[in-house]
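Inspection log for the structure reproduced underneath, given as structure tokens.
Read-outs: derived from the displayed coordinates by stated rules, not from any lab. Model, not experiment: these values are computed from the prediction. Methodologically, a virtual Cβ is constructed for each residue, glycine included, from the backbone with ideal geometry; neighbour enumeration extends over all protein chains shown.
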């Protein structure tokens with residue numbers, strides 16, 4: 001790897017970066033672009049490191065690439081023996097660093113597989129992780145809905161067990177004829193082997209044997225006048241038929257698995273279309289549209305590298321059809337698949353179909369994005385005119401959520417150019433305001449939010465929107481204008497008795513804005529209010545769940561995670577543990593600890609609320625008011641894994 005940052009270098013020091021470029025070898029390798037904080041912002045590969053990296057600091061580039069180049073403070077390189085090694089290393093580094101300017105798959109994106117577990121009594125399940133655990137994996141499926149529909153059909157056809165742990169009595173599936181009930185009677189492994197072979201054939205598209213068997217059973221049932229069973233079998237045959245109808249047979253005499261991948265790039269966006277051909281059938285594929293930086297061909301190869309890198313080798317296609325691209329051969333070697341660029345015939349037509357789908361999807365996406373951008377710009381201009389300010393590009397929206405005044409949280413969501421900027425969302429736990437003091441809680445959130453922005457020089461909003469009424473506007477004006485010395489346009493959204501947004505208030509004294517409730521500006525405000533409400537409720541629920549998850553069992557001296565799992569596995573619920581005899585408890589935790597555990601749970605069971613596996617449950621009603629309140633930890637972005645989804 002090349003040396004680290006040049007001593008004395010700083011962001012924008014292009015002379016030093018160019019000098020470093022001239023020291024690079026004319027060899028294949030991978031380069032990592034870094035920003036001023038040392039974060040990897042882009043990973044790329046090159047047949048010649050010197051020529052490729054030099055291209056970033058010479059000549060003209062499009063606007064998106066210029067934005068990336070403006071952030072480059074340093075770069076590192078790794079020299080490898082050949083282009084194939086460069087491509088494979090690039091895939092792994094992109095997966096490791098997830099650089100913001102690379103074409104990345106969706107966060108934590110993985111594809112569902114159907115798995116037949118390797119157990120004494122196997123199960124069929126859906127998983128997104130392929131592991132070397134002896135199970136048999138089939139897929140990947142383009143989305144969970146397709147995998148679930150197939151699994152539901154298999155569950156009806158094959159009586160494998162459905163439960164993760166064997167219960168002590170048969171479940172409903174046994175009585176429906178969909179489980180052999182190994183929980184109550186021995187089932188020989190030889191019983192499962194033919195079923196698993198048939199399931200494997202079915203998932204590879206070979207359904208003829210299953211259909212013949214079901215059809216024969218259907219007529220046998222009809223001859224016995226068991227018309228109910230005959231109807232069930234008929235419905236199963238129809239389900240198989242529907243599944244097959246979705247998979248057009250293109251090459252009836254072909255058994256190998258193909259994938260067809262193509263792309264279209266325009267306006268800084270790339271659309272990638274992948275089709276799967278399995279057992280001669282064209283299956284539903286994967287389509288993805290996202291921004292890209294640099295060359296579209298390079299972005300396409302990066303996407304394919306990430307897409308297939310997570311696949312189990314046995315589930316990768318034996319043949320990958322691609323358009324003519326420079327790195328086709330290297331990509332095939334890196335992935336361990338045969339790559340072919342078709343020139344004519346049926347394969348060429350498949351590739352053209354994939355290219356046409358990618359082109360159409362991108363044109364549609366760009367057209368809708370342009371239309372949405374125009375409508376949002378018009379709405380912001382209308383809102384600015386009503387407030388007497390320029391169109392507000394950056395809008396902060398505040399809301400609060402609580403449970404009868406307790407465990408209250410305050411949140412801020414940010415809209416930039418009318419769209420949610422989710423990495424700017426913030427959550428706050430109130431530390432000073434008394435319980436039920438809505439205005440005090442709002443005052444605290446405002447001080448913490450905007451005091452920190454002033455201190456750190458963060459981007460200041462053009463408009464602050466509050467979920468509330470006149471009182472909230474007064475509080476916000478006092479904090480921002482009088483305490484912090486930063487007057488800021490304010491707007492409050494008041495609701496009616498049906499909890500629907502009734503009016504937008506602004507000014508001093510507050511008065512309704514002249515906005516049509518059907519106009520673009522008012523509808524944009526409603527959308528903002530819905531998003532902040534969703535985020536406030538989700539944040540509050542996460543906090544309640546996190547606090548409730550501290551089990552009463554965790555408070556018992558001598559009960560660790562292992563014993564807690566054993567107790568819950570043995571008794572099923574905390575209430576059954578509490579009512580168990582000392583002898584029953586001793587069988588799990590030992591004679592010495594059993595009396596302590598029993599006494600502790602007996603005393604805990606007399607408090608208010610319902611004793612559950614996670615402690616004492618609170619009332620399940622969540623109370624919110626338009627007047628709000630607020631409380632959530634640190635002044636920072638939502639915790640990792642937090643739900644910040646919603647409108648985009």
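Observations on the structure shown:
- Using the Cβ-Cβ distance between residue 119 and residue 224 with R0 = 45 Å, the FRET efficiency computed as 1/(1 + (r/R0)^6) comes to roughly 0.80.
- Burial ordering of 365, 118, fewest other beta-carbon atoms within 10 Å first: 118, 365
- Most to least packed among 459-468, 211-220 [average Cβ atoms within 10 Å]: 459-468, 211-220
- Peptides 37-46, 193-202, 437-446, ordered by how many other C-beta atoms sit within 10 Å of their residues on average, highest first, read 437-446, 37-46, 193-202.
- Semi-axes of the equivalent ellipsoid of the stretch 407-453 are 23, 11, 9 Å, computed as sqrt(5λ) over the eigenvalues of the C-alpha gyration tensor in descending order.
- Computed with the Debye formula from one identical point scatterer per Cα of the stretch 258-363, without solvent, the log10 of I(q)/I(0) at q = 0.11, 0.14, 0.24 Å⁻¹ comes to -0.30, -0.49, -1.51.
- Normalised by the number of residues in the stretch 258-363, the mean separation of alpha-carbon contacts (under 8 Å, six or more apart) gives a relative contact order of 35 percent.
- Ranked by how many other Cβ atoms sit within 10 Å of their own Cβ, fewest first, the residues 225, 263 fall in the order 225, 263.
- In the stretch 394-537, the C-alpha radius of gyration followed by the widest Cα-Cα span (Dmax) gives 14.3, 41 angstrom.
- Centre-to-centre, using Cα atoms only, the stretch 436-487 and the stretch 152-197 are separated by 60 Å.
- Take every pair of alpha-carbon atoms less than 8 Å apart whose residues are at least six positions apart; their mean separation over the length of the stretch 331-408 yields a relative contact order of 11 percent.
- Each peptide in 475-481, 374-380 receives the mean, over its residues, of other Cβ atoms within 10 Å, and ordering these scores from highest gives 475-481, 374-380.
- With q set to 0.19, 0.20, 0.23, 0.25 Å⁻¹, the log10 of I(q)/I(0) for the stretch 14-97, from the Debye formula over equal scatterers at the Cα positions, is -0.83, -0.92, -1.18, -1.32.
- Inter-site label distance for residue 66 and residue 575 at 7 Å from Cα along Cβ, in nm: 6.8
- DSSP bridge orientation in the stretch 258-363 - percent antiparallel, rounded to nearest 5: 75
- Here the residues 133, 155, ranked from fewest to most Cβ neighbours within 10 Å of their Cβ, fall in the order 133, 155.
- Projected label distance in nm at residue 329 and residue 47, using a 7 Å step from Cα toward the beta-carbon: 1.0
- Considering only the stretch 394-537, percent of DSSP beta bridges that pair antiparallel, nearest 5: 70
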